[in-house]
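What follows is a single structure, written as structure tokens, with notes after it.
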Amino acid sequence: MSGAKFASSYDYIICGGGTSGCVVAARLSEDPSFSVLLLEAGISDHDLPATEVPSVGDSLQGTDIDWKFKCEPQENAYKGYQDVDCSKAKILGGGSTHNNMEFTRCAAADYDEWAQLGCTEWGWKDVLPYYMKSENWNCSEVDRDVHQTGGPMTVSRPHQSADHNLTLSKAFVKAGCDLGYKEIDACSGDILGFGDFPANIDSDGKRSSTSRAYIHPAENRPNLKVLCKAYVTKIDIKECKAVGVYFVLEGEKHHISANREVIVAGGPISSPQLLMLSGIGPKKHLEEIGIGCIADLPVGKNLQDHLGIVMKVAVKPGSGVWKPETLPVDVNCTTSVGFVKVNAEDDNPFPDIQFIFLNLLPYGPDARNLRKPYQHIDYNTTREGFTVLPTLLKPKSVGEIKLVNSDPFCHPIIDPHYLEHDYDVKTMVKGIRLAKQMIESDAFKSYECQLREWNLPDSPYDPWSEDHLTECVRHFAYTGYHPVGTCKMGASDDPSAVVDPKLRVRGIECLRVVDSSIMPVVPSGNTNAPSVMIGEKGANIIKTTIPSMV
């Protein structure tokens, strides 16, 4: 599949074979009249069969299939860690090959907000058909008007069996319902409440990544060429028109022409990096590092991400939780989810906190990344228990991505500005308090739960005081690996937008961005399923609209 033979030109060149890029390549190549080239800097997932195993996802972070990006030191967050991780997959299929497979379409209101911000035809009713087109639900108890069975990507619900004990997961959902929330379908769009957390797992117990779901069935098409280990260094732009790309393969430099379009799908870090290397970005910044500016656009701005904090709960032996050595290989350890609104005074329809429940205790940031004063028992496998992650969904803190220099192989500067806005901290503290209330409720009473406190040496505060919890958030909140927004979509006349609602880069013909970097606002949930949707909708837009916009 990744052989070095290739043509001198293709109709469509896709830069990036991650979650969205695989979808776009497969869908465009369905039309035999199109020639399609997919360029992926990482290896093929065929070369690493371990990516098929659902339970090994986290263990692949920090390996050779990870870009190993690091963020800038954060003034207001990550005080308990030695550095700020920003894991990004370097393999065909991207994050879908080693994420936690958590599947949610997020809130319907997320997409209606996008439409209100000028992203016409991106409201809930507009995106829902593309979710349904992508999905193959591997269960019978679903609403067939909402859940489809013919798409490439499998979605499964957690199931109770001898090896899959979901007793505690069900208790978590009951605790949420006892607080007055309803039981939900995490893909209904109406997600305020608690319920099962679907996952991208095939009926044979293997991970359903976009490489396996979309590219594997398409890779023998004569009009589709997939080149792995092909690092795109620059888009060839002549007279404000994308006409090809430059890339390095096996140490050799190459140029390939695009007959129709160049499609950037490198994700929220690599997509803005490639655009800026090609002269598309903030003029002042590009000129400072010696890159001529072709289009002065806010590329790299509007970086948004989710932050979560690990709450560990010990339970009495025999409660049915999984341990690392006994974790079934065909499951996702995330088994249930809750979406709540802790800021009732906010006049919007969104949940602001997501509770992720893991039927596993030793989960969370690697203890080796904690500063020495904070390496404590919570990150050791000592007892049975479960984990709850209160996750901030709608941060007001916004960061940016910049280039260090004009070297395409130099990692960019990533500065998320985590917890710069006090609203974000206060919201997370409210989420922690609500999670504590649930864990201490009657739904969990029989499990003798012991909620572990965070270790802040010499802290003068009561462990559950506002001041102490604020410091815990600033010390231990950790990325949800959901960066988005750095090539923002907006109306054609929106000065803060990089692409228009047809995903065309403003001021450049025959160039689009199709990945999660186009999100104007981070949605209320995990971003992998929305990235698949963007790939599906983006491919259809490309097929049905003119390729350029001046």
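No lab work stands behind these numbers, since they all come straight from the coordinates. What you see is a predicted model; the values in this text were computed from it and never measured. Counting neighbours? That spans all protein chains shown, and the Cβs are built from the backbone with ideal geometry, glycine included.
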What is the distance in Å between the Cα centroid of segment 386-465 and that of segment 180-251? 28 Å
Report, largest value first, the span of the C-alpha coordinates of segment 90-248 along each principal axis, in whole Å. 62, 42, 26
Between rounded, prolate and oblate, where does segment 433-549 land on the alpha carbon gyration tensor, with a ≥ b ≥ c its root eigenvalues, rounded for a/c under 1.5, else prolate if a/b exceeds b/c? prolate
Express the C-alpha Rg of segment 270-373 as a ratio against the empirical globular expectation 2.2 N^0.38 Å, rounded to two decimals. 1.72
Helix 124-134: inclination vs the chain longest Cα principal axis, degrees, rounded to 10, gives 90 degrees
May I ask for the angle, rounded to the nearest 10°, between helix 167-178 and the longest principal axis of the chain, with both axes built from Cα atoms and the value confined to 0 to 90°? 90 degrees
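When the chain is fully extended, how far beyond the present Cα-Cα distance does ARG221 get from LYS323, taking 0.36 nm per residue of separation? Please list the in-between numbers first.
On the way: separation 102, 0.36 × 102 = 36.72 nm, distance 4.30 nm.
Separation in residues times 0.36 nm, less the Cα-Cα distance, equals 32.4 nm.
At 0.36 nm per residue, and after removing the present C-alpha to C-alpha distance, how many nm does the segment from VAL146 to ALA7 gain when stretched out fully?
Working it through step by step, the gained length comes to 45.9 nm.
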proj_area_mean for segment 490-550 (convex hull on C-alpha atoms), units nm², value 4.0 nm²
Scattering profile of segment 289-350 at q = 0.27 Å⁻¹ [log10 I(q)/I(0), Debye over alpha-carbon scatterers]: -1.34
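At 0.36 nm per residue, and after removing the present C-alpha to C-alpha distance, how many nm does the segment from PHE409 to LYS68 gain when stretched out fully? List each step's numbers first, then the result.
Details: separation 341, 0.36 × 341 = 122.76 nm, distance 1.30 nm.
Using 0.36 nm per residue and subtracting the Cα-Cα distance, I get 121.5 nm.
Considering the convex hull of the alpha carbon atoms of segment 388-479, report its projected area averaged over all viewing directions, in nm², one decimal.
Numbers: hull surface 34.6 nm².
The number I arrive at for segment 388-479 is 8.6 nm².
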Rounding to the nearest 10 and keeping the result within 0 to 90°, find how far the Cα-based axis of helix 422-439 lies from the longest principal axis of the chain. 50 degrees
Compute the normalised compactness of segment 179-288: alpha-carbon radius of gyration over 2.2 N^0.38 Å, N being the residue count. 1.58
Working note, segment 438-491: Cα radius of gyration (Å, one decimal) and Dmax (Å, whole number) are 17.8, 54
Segment 170-220: radius of gyration and largest Cα-Cα distance (Dmax), Å: 16.3, 53
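First measure r as the distance between the Cβ atoms of GLU466 and ASN348, then evaluate 1/(1 + (r/R0)^6) with R0 = 22 Å and state the FRET efficiency to the nearest 0.05.
On the way: r = 24 Å, r/R0 = 1.09.
Calculated value: 0.35.
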If we restrict to alpha carbons, what Rg and Dmax does segment 153-240 come to, in Å? 21.0, 64
Report the Stokes-Einstein translational diffusion coefficient (µm² s⁻¹, integer) for the chain, Rh taken as the Kirkwood radius over Cα pairs, at 37 °C with viscosity 0.692 mPa s. 139 µm²/s
Could you work out the helix-only [θ] at 222 nm for the chain, with each DSSP H run of four or more residues adding -39,500 (n - 2.57) and the total divided by the number of residues, to the nearest 500 deg cm²/dmol? -6000 deg cm²/dmol
Among the DSSP beta bridges whose two residues both lie in the chain, what percent are antiparallel, rounded to the nearest 5? 65 percent
